[in-house]
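The values are calculated or read from the model by the stated rules, or taken from the named source; none is laboratory data. No experiment lies behind these values; they were computed from the predicted model shown. Using ideal geometry, Cβ is built from the backbone for each residue, glycine included, and neighbour counts are taken over all protein chains shown. For accessibility, only protein heavy atoms count, side chains too; no ligands or nucleic acids. Shrake-Rupley method; radii C 1.70, N 1.55, O 1.52, S 1.80 Å.
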Amino acid sequence: MIYRALGQTGLQVSIIGFGAAPLGNEYGVINPTVGERAVHAAIEQGVNYFDTSPYYGRTLSETRLGHALRGYRNKVYLATKGGRYGVDGFDFSAQGLATSVEESLRRLQTDTIDVYQLHDIEFVDRRLIIDEALPALERLREQGKFRYIGITGYPLPLLREVGSVHPVDTILSYCHYNLMNTTLSSSLMLFAKQQNIAVINASALHMGILTDQGAPAWHPAPASVHGAACEAAALARDYGTNITTIALQFALQNEDVSTTLVGMGTESEVLDNLALVDTLPDGEALAKILAVIAPVKDVNWHTGLRENDEPNVVG
């Protein structure tokens with residue numbers, strides 16, 4: 001395993017982080033025992049950063065992860081979130097977050113959380129995040145509920161603005177550093193380096209687009225993006241590999257990213273993903289895939305409040 005610094009926290013984290021959404025049945029029902037084996041296999045292979053949220057499985061992911069980490073808690077850094085609890089369920093109030101933290105601690109069966117993050121801040125007015133939610137987290141941190149504070153979301157300009165107004169330790173964004181979109185590097189990385197903020201990358205597979213089966217029906221990207229990804233997947237197969245492998249190899253090469261979260265729900269998924277650490281994609285295949293993707297590269301879509309959108313939004 002390769003480890004990188006998590007900003008200025010002093011933590012050294014595995015470059016692949018365990019995304020625990022699958023434990024909450026977010027991508028299909030999994031047997032709890034199977035999920036627990038996946039957690040244990042990841043730890044045995046050197047994964048030490050685990051990320052969850054009460055939103056995943058509507059508390060199921062946290063509950064299952066807490067159970068799986070019994071006896072292993074001192075081997076991992078544990079991150080969870082607050083503020084988002086349903087598709088349209090948000091509560092970033094100070095009281096709501098205080099309650100949420102206590103509930104997460106109970107479900108995760110721990111006395112303290114390593115990284116506590118505000119989940120998908122683009123869905124509410126940024127003033128609520130800046131004026132109430134983040135100060136509330138500072139008070140909760142002083143009480144020892146967690147060690148570090150982070151923000152998560154999709155629009156990079158919003159994340160950068162909030163991080164510039166109120167100090168945070170980590171920024172997590174998804175679908176912004178992968179084969180289809182690399183704006184994490186151009187829109188956030190310099191700022192994060194200057195502020196000593198750790199950058200966490202999620203969805204290296206572009207929320208399922210960079211797979212042989214293609215994206216789920218609900219995926220918000222325009223048809224042109226789906227079409228380019230299908231063509232890229234066919235190219236990867238022509239080279240005797242698959243688009244998922246190349247996508248993960250590509251994402252893991254970015255040394256400015258502290259950890260890339262990968263959703264894993266089975267032991268075989270863990271082992272397949274970790275086998276890609278410190279490997280390079282086929283150079284010729286990668287060049288051809290990037291050429292196919294070029295016409296739709298860095299396309300963004302709308303999510304959250306319109307005033308929080310970022311440039312190049314389609315739809």
Quiz item: Tell me, what is the per residue accessible area of the chain in Å², probe radius 1.4 Å?
Solution: 40 Å²
Quiz item: For the chain, which whole percent of the accessible surface, found with a 1.4 angstrom probe, sits on carbon and sulfur atoms?
Solution: 49 percent
Quiz prompt | Rule-of-thumb Rg ratio for region 155-277 [Cα; 2.2 N^0.38 Å; N residues] | solution = 1.12
Self-check item: Amide H within-cut-off set for Ile113, under 5 Å, with H built and near neighbours excluded
Solution: Phe146, Arg147
Self-check item: Principal semi-axes in Å for region 98-202 [√(5λ), Cα gyration tensor, largest first]
Solution: 24, 15, 13
Self-check item: Distance from region 84-106 to region 126-165 (C-alpha centre basis), Å
Solution: 14 Å
Self-check item: Hits among lysines - C-alpha to C-alpha of Lys288 under 22 Å, sequence gap 8 or more where chains match
Solution: Lys297
Quiz prompt | Accessible-area value, Tyr85, 1.4 Å probe, nucleic acids and ligands omitted, Å² | solution = 70 Å²
Quiz item: HN-Hα J couplings of region 32-43 from phi, Karplus 6.51/-1.76/1.60, θ = phi - 60°, integer Hz, Gly and Pro as x?
Solution: x, 5, 4, x, 5, 4, 4, 4, 5, 5, 4, 5
Self-check item: Check: the chain dipole with +1 on Lys, Arg Cβ and -1 on Asp, Glu Cβ, in debye
Solution: 500 debye
Exercise. For Leu11, enumerate residues with amide H under 5 Å from its amide H, sequence gap 5+ or separate chain, H modeled in the peptide plane.
Key: Leu6
Exercise. Take the Cα atoms of the chain, build their convex hull, and give its volume per residue in Å³.
Key: 118 Å³
Quiz prompt | Angle in degrees between helix 94-108 and the longest Cα principal axis of the chain, rounded to the nearest 10 | solution = 70 degrees
Quiz item: When Lys and Arg each count +1 and Asp and Glu each count -1, what net charge do the other residues less than 15 Å away from Leu172, Cβ to Cβ, add up to?
Solution: -2
Quiz item: Which net charge results for the neighbourhood of Glu44, defined as the other residues with beta-carbon distances under 11 angstrom from its beta-carbon, given Lys and Arg at +1 and Asp and Glu at -1?
Solution: +1
Quiz item: Where does the chain land at 222 nm, in deg cm²/dmol rounded to the nearest 500, when only DSSP H runs of n ≥ 4 count, each adding -39500 (n - 2.57), divided by all residues?
Solution: -10000 deg cm²/dmol
Quiz item: With the contact rule set at Cα under 8 Å and sequence spacing of 6 or more, what percent relative contact order holds for region 91-211?
Solution: 22 percent
Quiz item: Please report, for the Cα atoms of region 65-148, the Rg to one decimal and the Dmax as a whole number; what are they, in angstrom?
Solution: 13.0, 41
Self-check item: Local electrostatic count at Ile15 - Lys and Arg +1, Asp and Glu -1, tallied over other residues with Cβ under 10 Å
Solution: -1
Quiz item: What is the Cα convex hull volume of region 195-263 when expressed per residue in Å³?
Solution: 104 Å³
Exercise. Please give the helix 223-238 orientation as an angle from the longest Cα principal axis of the chain, in degrees from 0 to 90, rounded to the nearest 10.
Key: 60 degrees
Quiz item: What is the helix-to-structure angle for 283-293, meaning the angle in degrees between its Cα long axis and the longest Cα principal axis of the chain, kept from 0 to 90 and rounded to the nearest 10?
Solution: 80 degrees
Quiz prompt | Unit charges on C-beta of K, R, D, E only; dipole of region 48-160, Debye | solution = 460 debye
